[in-house]
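Chemist: Below is a structure I'd like to ask you about.
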Amino acid sequence: MPDTIAALFKNQEHADSAVRALKSAEFDNAEIEIRGPREPKVPDFGGNAARGVAIGSIGGTALGGVLGLLAAGVVPGSHAYVQGGWFDPFMLAIALGATGGLAGLLLSAGASRDRALFFEQEVQSGRYLVTVETQPERRETAREILLSKGAIEAAPIDSPSVRRGGKRVVE
């Protein structure tokens, strides 16, 4: 599965130099993308939240309905743990549906691709972003080329880089 390496550059000259170096190292044009401050693209975080609420609500409602049927003793062969008959499955479905919706919202907000948002904000502030989609065995080669051409930071999108002993290391 291809990895995406993202690198930030202070100006367009350094970014263009990195793209030329990647092409000379036999990275395909289709694998390389450069974006500058004129083309900002804001991620769709509202769509992620809506999907999280929908999935959580549906899952919670289904679970609540099943647990309510079992607890009320409506399923043949089961013992009634609570009084209320058919009312219990509906109440548990509503309660767990709301709980699942809230959990889905919180989980989708927490997994909102903080790293992508960081790169988008950097591009909007005037930096240039070069991304390279490459196979795992060529990931380090692409990263070294980007850093050698003046990248402020170059790391796989899912793995942040950190400073250790004055050197950037990908975790």
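Chemist: Quick one: order Tyr128, Tyr81 by neighbouring beta-carbon count within 10 Å, fewest to most.
Modeler: Working: Tyr128 24, Tyr81 10.
In order of increasing Cβ crowding within 10 Å: Tyr81, Tyr128.
Chemist: In whole angstrom, how far apart do the alpha carbon centroids of the range 52-88 and the range 117-160 sit?
Modeler: Centre-to-centre (Cα) distance: 49 Å.
Chemist: Using a 10 Å cut-off around each Cβ, can you sort Asp28, Asp88, Asp16, Asp3 from fewest to most neighbouring Cβ atoms?
Modeler: Details: Asp28 11, Asp88 23, Asp16 15, Asp3 18.
In increasing order of surrounding Cβ atoms, one gets Asp28, Asp16, Asp3, Asp88.
Chemist: Can you give the percent of C-alpha pairs in the range 45-110 whose distance is more than 13 Å? Show your work: numbers first, answer last.
Modeler: On the way: 1273 of 2145 pairs.
Cα-Cα pairs in the range 45-110 separated by more than 13 Å: 59 percent.
Chemist: Quick one: order Arg38, Arg139 by neighbouring beta-carbon count within 10 Å, fewest to most. Write down the numbers at each step before the final one.
Modeler: On the way: Arg38 6, Arg139 19.
Ordered by Cβ neighbours within 10 Å, fewest first: Arg38, Arg139.
Chemist: Count the net charge of all other residues whose Cβ sits under 12 Å from the Cβ of Ala142, scoring Lys and Arg as +1 and Asp and Glu as -1.
Modeler: Details: positive: Lys23, Arg138, Arg139, Arg143, Lys149; negative: Asp3, Glu26, Asp28, Glu31, Glu133, Glu137, Glu140, Glu144.
Net charge around Ala142: -3.
Read-outs throughout are calculated quantities, based only on the coordinates presented, and are distinct from any laboratory measurement. None of the values given here were measured: they were computed from a predicted structure. Positions of Cβ are generated from backbone atoms using ideal geometry, with glycine treated the same way; all protein chains shown enter the neighbour counts.
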